[in-house]
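Notes to accompany the following structure.
The values are calculated or read from the model by the stated rules, or taken from the named source; none is laboratory data. Source: prediction; values computed, not measured. As a convention, Cβ positions derive from the backbone with ideal geometry for all residues, glycine included, and neighbour counts pool all protein chains shown.
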Amino acid sequence: MSLSVWSVKYGERVVRKNDVFHDYAQYGLPDGDLDMDYNFWVVRDGERIILVDTGYDIPKKDWLGEISVTPTPDALEILEIDPADVSMVITSHYHYDHIGYLGLFPNARVVSARRERDYWFGKEAAGGLEGEFSTVDDLAPVHRAEEEGRLVLIDAETEVYPGIHVYPIGGHCPGELLTRIDTDNGGLILTVDAAHFYEQIEHEWPFFAFTDLEEMKAGLSFINRLAAETGATIVPGHDGRTRQRYPAAPGAAGRVATVLA
Ligand SMILES: [Zn+2]
């Protein structure tokens, strides 16, 4: 088996530690800037292409002052990926910046935690999406996948493809999914929004945005435990320093992608 994993950056912004780490003042440390990247991930097994998340259309509407770097459709073109050929999209959770482009992939099986689906569909049915980080438009491709029998709902650790395991851990969202990928160069844990930044992994610091703080703390411990048990390397979801720790992809792909494995 030889799975390759690339991180693809589509947007960015600069944030303050004080704003993104929950109750940061308690640590008595100085504030400072962090480069926050917006990514999705491409896993290839020969011709087979699996994505973790999809990015969203920043030029159409930036939610928090995100700056567009390479929109997903352009990034896929640079990577010579036809969206129709993507066979699976693993959704880490249903926030706008993770599933905004899910509709681009009409043939993909969509892998989500059941709790995530139930939470957002429930809110939507109750007219409760106002002020939330997901919209009716964001959820529409999930409904379509479900109607077409392409939605795969996850209740517990599952190997969704040979060498790719997902774990529902909650915290940031009720159905936050962790993805662990076995590669020839060792395992990777894509935390996505279960840990946005390296500090959160190192110190098990919660992020400011959560639906369940205790679940988020337990999730951070679980990530470290899973890494210790499996020897996998942890890759946080939004940390700009990832691009300094890993090489750029070869050729034109290097404009958008970093090689994680
Ligand atoms: Zn995010």
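Scanning the stretch 153-188 for residues that are of a type in the set (A, V, I, L, M, F, W, C), away from the ligand (no atom under 16 Å from the Cβ) and touching a residue at least 24 places away in the same chain (Cβ under 8 Å) yields a total of 7.
Criterion first (of a type in the set (S, T, N, Q), within 16 Å of the ligand (Cβ to nearest atom), modelled with pLDDT of 95 or more and farther than 25 Å from Phe21 by Cβ) does Thr135 satisfy it? For Thr135, the condition - of a type in the set (S, T, N, Q), within 16 Å of the ligand (Cβ to nearest atom), modelled with pLDDT of 95 or more and farther than 25 Å from Phe21 by Cβ - is met.
When the criteria are applied in full, Leu226 meets the requirement of being closer than 16 Å to Leu188 by Cβ and either part of a strand (DSSP E or B) or not hydroxyl-bearing (Ser, Thr, Tyr) (or both). Inclusion of Ala145 among residues that are closer than 26 Å to Phe105 by Cβ and assigned to a loop (DSSP other than H, G, I, E, B) is not warranted. Out of all the residues in the stretch 223-244, which are small (Gly, Ala, Ser) and more than 16 Å from the ligand (Cβ to nearest atom)? If the condition is that a residue be small (Gly, Ala, Ser) and more than 16 Å from the ligand (Cβ to nearest atom), then Ala227, Ala228, Gly231, Ala232 are the ones that fit. For the stretch 127-139, the candidate set comprises residues that are farther than 17 Å from Gly175 by Cβ and not in a helix (DSSP H, G or I); within that set, the residue that is farthest from the chain's Cα centre (by Cα) is Gly127.
Figure legend. Inter-residue proximity from the stretch 222-240: first residues farther than 29 Å from Val69 by Cβ, second residues more than 16 Å from the ligand (Cβ to nearest atom) and among the small types (Gly, Ala, Ser), beta-carbon distance below 6 Å, spacing 6+ or different chains. Indicated pairs: Thr230/Gly187.
The set of residues from the stretch 107-126 being of a type in the set (Gly, Ala, Ser) and assigned to a loop (DSSP other than H, G, I, E, B) comprises Ala108, Ala126.
Taking Gly11, is it assigned to a strand (DSSP E or B) and surrounded by 16 or more Cβ atoms within 10 Å (Cβ to Cβ)? Here the answer is yes, as Gly11 does meet what is asked.
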